Amino acid sequence: MKKMIKIIGLGLWLSAVVLSNASAQQFGKPEDAIKYRKSVFFVMGTQFGQIGSMVQGKVPYDPKVAAESASVVEVMSKLPWPAFAEGTDKGETKAKGEIWMEPGKFKEAQDKLIAETAKLATAGKTGKIEDLKTAFAATAGACKNCHDSFRSK
């Protein structure tokens, strides 16, 4: 099972690297950008949720799985931003107009999330659940701040 998680994590990381190069280019259609960013956030949320289950005591703490999940979250946190291009505010999205009306504030939220996920990955590597809990809470706060400001319910 652990080997499978490691393989999946590696596959996600490689996919992220490949997709980040694709995201640097313009998306063919706005709905492609929306689909891309939703996919990134889905993977990121799934991995973050796995860590959350551990720090909340819902599942046994596994330092190796926690570190791998935190590393995936860190990589994924850097990917969705180019997909918030002009014209991607319409369609199947929960993105608020404030993203495009307040780009400086949105950039600050991105930078905060990226910084907190880097700390999460570092905490995951320590093997200490207390370090992970602290970093998890800060990362969750960065997620919440962005959701509250830039995502419709």
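Each value in this text was obtained by applying a stated rule to the coordinates, not by laboratory testing. Note that the structure is a prediction, hence the values are computed from the model and not measured. FYI the Cβ positions are ideal-geometry reconstructions off the backbone, even for glycines, and counts take in every protein chain you see.
Annotations for the structure displayed:
- Descending semi-axes in whole angstrom, ellipsoid equivalent of the stretch 100-153, from the Cα gyration tensor: 26, 11, 6
- Distant-in-sequence amide H partners of residue 91 (H built 1.01 Å from N, under 5 Å): none
- Summing Lys and Arg as +1 and Asp and Glu as -1 over all other residues whose Cβ lies under 15 Å from the Cβ of residue 89 gives a net charge of +2.
- Of the trypsin sites (Lys or Arg not before Pro) in the stretch 60-112, those whose Cβ has at most 13 other Cβ within 10 Å and which sit in DSSP loop: 90, 94
- Taking GluC sites (Glu not before Pro) across the stretch 41-106, the ones in a DSSP loop with at most 13 further Cβ atoms lying within 10 angstrom of their Cβ are 86, 92.
- Subset of 64/94; 96/119; 29/153 violating a 29 Å alpha-carbon distance limit: 64/94
- For the stretch 16-153, the fraction of alpha-carbon pairs in successive 10 Å shells from zero, as %: 12, 41, 32, 13, 1
- Under 5 Å from the amide H of residue 151 lie the amide H atoms of 96, each residue being 5 or more positions distant or on a separate chain, with H modelled from the backbone and absent for Pro and chain starts.
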